[in-house]
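Worksheet: one structure, shown below.
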Amino acid sequence: MEHSHHPHAIRDRIEEGPKTSYLSDWVYGGIDGAITTFAIVAGVVGADLSTRVILILGAANIIADGFSMAASNYSGTKAELDDYRRHRAYEEEQVETIPEGERMEIREIFRAKGFSGDDLERVVDVITADKTRWVDTMMVEEYGMPTTYRDPVKSGMCTFAAFILCGLAPLIPFFFSFPNPFETAIALTGLVFFGIGSIKSQWSTQSWLRSGLETLGIGLAAAAIAWGIGHVLKSAFL
């Protein structure tokens, strides 16, 4: 959807600032939940083991691996946030203790952007007149850091929720004793993969069909590998 270019709409949008998106956490958790759980199902079916084994290993995977992924995502997101805070604290200290050196950095940053003469000096004066604006500019221009960061707790929770929701799909046919449960699990898991891909196309330049098929292909490839490994191990050890 296009942004409105009415002056009031532009002003409100700029003042509101960029929004934080947790899309990647949902996609990451959803795809991995469906893939890993179905991989277990496919591996166990390939090894010709019982439905009980499928349900036990699948449930264990959803809880343990889902929590592990959520914890890893939390730690990774928190590390990014901590790194941002470390750099910001350093820049705030530099602005306080060596203001002229930091002004020179601002001047060189905007000189490289094509400013010169009085225009350049005016830009430097305006930016360095406010400490927060000054440090914000340095964080983006010197370190290439984004202006917003995801909350680590929310990131972890999104990943965990998506992992559980999508990871349940391959287990449903076995839990409810559907006829041809493995074939039904393939269909349900495929729908999950395709659905995730189609939904995430709303935030990309790909069409919903292409994005859905791409994600479906990735998921089914992982499932095929797991089934093949289970079949080979069955032949070798059982």
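Every test in (1) open to solvent by less than 20 Å² (accessible area, probe 1.4 Å); (2) under 22 Å from Ala169 (Cβ atoms) is passed by Val45 save one, and that test is (1). The combined condition, being assigned to a helix (DSSP H, G or I), crowded, with 17+ Cβ neighbours inside 10 Å, of a type in the set (Asp, Glu) and within 13 Å of the chain's Cα centre (by Cα), is not fulfilled by Asp65.
So that you can scan it fast, the table gives a plain yes or no per residue for (1) under 18 Å from Gly33 (Cβ atoms); (2) part of a helix (DSSP H, G or I); (3) open to solvent by less than 80 Å² (accessible area, probe 1.4 Å); (4) not basic (Lys, Arg):
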| position | (1), (2), (3), (4) |
| --- | --- |
| Phe174 | yes, yes, yes, yes |
| Glu183 | no, yes, no, yes |
| Ile199 | yes, yes, no, yes |
| Leu209 | no, yes, no, yes |
| Ala222 | yes, yes, yes, yes |
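Scanning segment 97-154 for residues being under 35 Å from the mean Cα position of the chain (by Cα), among the hydrophobic types (A, V, I, L, M, F, W, C) and loosely packed, with under 12 Cβ neighbours inside 10 Å gives a total of 1. Answer with yes or no whether Pro179 is open to solvent by 70 Å² or more (accessible area, probe 1.4 Å), modelled with pLDDT under 95 and more than 21 Å from Ser72 (Cβ to Cβ). So Pro179 passes the test.
Does Met157 meet the test of being open to solvent by less than 70 Å² (accessible area, probe 1.4 Å), among the aliphatic types (A, V, I, L, M) and part of a helix (DSSP H, G or I)?
no
Would you say Thr189 is open to solvent by 80 Å² or more (accessible area, probe 1.4 Å) and polar (S, T, N, Q)? Walk me through it before giving the result.
Details: open to solvent by 80 Å² or more (accessible area, probe 1.4 Å): no; polar (S, T, N, Q): yes.
So Thr189 does not fit the description; no.
The values are calculated or read from the model by the stated rules, or taken from the named source; none is laboratory data. Values in this document were obtained by computation on a predicted structure and should not be read as measured data. Backbone-built Cβ (ideal geometry, glycine too); neighbour counts: all protein chains shown. Accessible surface areas use protein heavy atoms only, side chains included; no ligands, DNA or RNA. Shrake-Rupley method; radii C 1.70, N 1.55, O 1.52, S 1.80 Å.
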